[in-house]
């Protein structure tokens, strides 16, 4: 697992208080919302804040944000692309 | 701003903002609520010792948060979706002029998170973060695909 991906998963677990869950247990390609992790829209806003504070990446375009929230892989790629150097 | 009913759909006895004293859309709102001895909730809370129920301070902040929006909220379905870190630091009594200050923290997918403070003569009585949900039609821009509303929220209706 890449370092960034591990940090993304750790941020998700901490931010959403997924107690008892480890980064290994989050599938890279399973949907974050609905069937996969079962997150809801309130969790989405919590993640927007978490990404901004942890990775200094602002999600201002909601459509792009929703693409990024597809799964851990897409979220990691989005953060890698937008992270300040 | 004094035309409060023109912006908020709430009415007596549940309109809990009297006037807006400062308003920067999307940045900050400062509003006021003067607690009179005739407020209906003072009748039973409590009979000989009227005190403002703490939960109503949360509602006051939510209503003040409505003024962060440009457009009047009539006809819109807006719900309180989450209350975070609510702290009640002091009581409020009849005669108190409460200052309600709210700022937005973040928004995404029709959700707005605000942080707010209720104070009286410089004393902080309550601080809280609130999540407000504006219901969007399905598939509208901004709705999160596959992200259902919290269970029970969708059934409440406007």
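For segment B:22-40, filtering for residues that are more than 25 Å from residue B:106 (Cβ to Cβ) and either surrounded by 12 or more Cβ atoms within 10 Å (Cβ to Cβ) or without any contact (Cβ under 8 Å) to a residue 40 or more places away in the chain (or both) leaves 7.
Can you find even one residue in segment B:63-71 that is surrounded by 14 or more Cβ atoms within 10 Å (Cβ to Cβ), within 12 Å of the chain's Cα centre (by Cα) and farther than 16 Å from residue B:2 by Cα?
No.
In segment A:61-83, the residue that is farthest from the other protein chains (Cβ to nearest Cβ) out of those that are at pLDDT 90 or above and not in a helix (DSSP H, G or I) is A:83. What tally of residues in segment B:1-20 results from selecting those that are surrounded by 14 or more Cβ atoms within 10 Å (Cβ to Cβ) and in a strand (DSSP E or B)? Going through segment B:1-20 one residue at a time, the tally reaches 1.
Summed over segment B:83-102, the residues that are within 30 Å of residue A:63 (Cα to Cα) and out of contact with any helix residue (DSSP H, G or I) (no Cβ under 8 Å at 6 or more places or on another chain) give a count of 2. Residue count for segment A:1-51 under the criterion of being in a loop (DSSP other than H, G, I, E, B), in contact with a strand residue (DSSP E or B) (Cβ under 6 Å, 6 or more places away or on another chain) and free of Cβ contacts under 8 Å to residues at least 40 places away in the same chain: the result is 0. Report whether or not residue B:107 is within 14 Å of another protein chain (Cβ to nearest Cβ) and either over 23 Å from residue A:48 (Cβ atoms) or without any contact (Cβ under 8 Å) to a residue 12 or more places away in the chain (or both). Spelling it out, residue B:107 is indeed within 14 Å of another protein chain (Cβ to nearest Cβ) and either over 23 Å from residue A:48 (Cβ atoms) or without any contact (Cβ under 8 Å) to a residue 12 or more places away in the chain (or both).
Residues that are within 14 Å of chain A (Cβ to nearest Cβ) and surrounded by fewer than 14 Cβ atoms within 10 Å (Cβ to Cβ) within segment B:81-104 comprise B:84, B:85, listed in sequence order. When you scan segment A:52-60, do you find a residue that is within 10 Å of chain B (Cβ to nearest Cβ), in a helix (DSSP H, G or I) and touching a helix residue (DSSP H, G or I) at 6+ places or on another chain (Cβ under 6 Å), even just one? No: zero hits.
The values are calculated or read from the model by the stated rules, or taken from the named source; none is laboratory data. Predicted model only: the values in this text are computed from it and were never measured. For neighbour counting, all protein chains shown are included, and Cβ atoms are generated from backbone atoms with ideal geometry for every residue, glycine included.
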